[in-house]
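Derivation of every value follows stated rules applied to the coordinates shown; laboratory data play no part. For clarity, every value in this text was computed on a predicted model and none was experimentally measured. With ideal geometry, Cβ positions are generated from the backbone for all residues, glycine too; neighbour counts draw on all protein chains shown.
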Amino acid sequence: MKLLFDQNLSPRLPHLVADLYPDSMHVREAGLHEATDTSIWAYAKQHEFTIVSKDSDFQQRSLLFGCPPKFIWLRAGNCPARIIEELLRRHSAAIHTFDQDPVESHLMLP
């Protein structure tokens, strides 16, 4: 499972969780640091990423268009990368189950 971290998240996150989510990247690494949500969505779909963001716009897009790509909505507020890392680790079983579900398009994590 590959995660694509949105610009509202730390660019360190792909490296912090590489043991659980190998080949993940931040939008900056993909040259999408100033891209629109539409461009990020298209990139994730084309390259088989699951988008991870705090942006509710992706949740609306996932409801409208379904998957792929899948979307993980982090409702953690403004917090350090360490907290997001812990959240992704604590919910890794649910995230991997979500990845295998052919119907679910988004997952909300508190």
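With +1 on each Lys and Arg Cβ and -1 on each Asp and Glu Cβ, and nothing else charged, work out how big the dipole of the chain is about its Cα centre, in Debye to the nearest 20.
So the dipole magnitude of the chain works out to roughly 200 debye.
Take the alpha carbon atoms of segment 1-73, find their center, do the same for segment 80-100, and report the distance between the two centers in whole angstrom.
If we compute the Cα centre of each part, the gap is 14 Å.
Given a Förster distance of 22 Å, report the FRET efficiency between residue 15 and residue 103 from their Cβ-Cβ distance, rounded to the nearest 0.05. Don't skip to the answer; put the middle values down first.
Working: r = 31 Å, r/R0 = 1.42.
Calculated value: 0.10.
Take the alpha carbon atoms of the chain, find their radius of gyration, then divide it by 2.2 N^0.38 Å using N residues; give the quotient.
0.94
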